[in-house]
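Chemist: Would you mind keeping the following structure in view while I ask a few things?
Derivation of every value follows stated rules applied to the coordinates shown; laboratory data play no part. Being a predicted model, the structure only gives us computed values, none of them experimental. Virtual Cβ from ideal backbone geometry, glycine too; neighbours counted across all protein chains shown.
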Amino acid sequence: MLGFTIVLPNLQITSKICIKNLSPQRLLNRTHLDIFTMTKPKLLGMATLLAIPMTILASMPALADYAAIAYSRSTGYSGYSWKHYSASSARDVAIRSCNSRGCTVEVLVQNQCAALARKRNSYSFVTTGVHPNSRSAAGNKAMAACGNNCQLVVSVCSNVDN
């Protein structure tokens, strides 16, 4: 087993390797564990080398979260999914959770919120709304697109618990 310890006294860094199964006598004499001591210029060089991978990681986009809303225009049943890493997975789960024949995905979003509204007297007239980060705003857009005598069926965000 190897361990790595970094100590920063007075801008120096000391690295030590702890090796499993050392004899007690060798553990008492810790001078053999010192591999190197870095002075300020070496420390700055090491910091630069460590900063490069951190910069690359920071610039990578976050894992995409997908959400989907499925709806049956014949029965009025709906289903949805959220926090999926692929569009196909979000679609499949939304359709399964709809649990009715004729369910199709009406809206699929990535890192956004979505909503579905329908006319109160008709399953077949549906509208959707999308907003970057608000379920209620997505619902308001779906309701506005629907017009009068409508109801909000479902709203969901791709990257938060709903």
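Chemist: Where does each of 120-126, 100-106 land if you order them by average Cβ count within 10 Å, highest first?
Modeler: Going from most to least packed, we get 100-106, 120-126.
Chemist: Just check segment 66-157 against the gyration tensor rule for me: Cα atoms, a ≥ b ≥ c as the square roots of the eigenvalues, rounded for a/c under 1.5, and otherwise prolate or oblate depending on whether a/b exceeds b/c. Mind dumping the intermediate values first?
Modeler: Values: a/c = 2.71, a/b = 1.16, b/c = 2.34.
Taking the square roots of the gyration eigenvalues as a ≥ b ≥ c, segment 66-157 is oblate.
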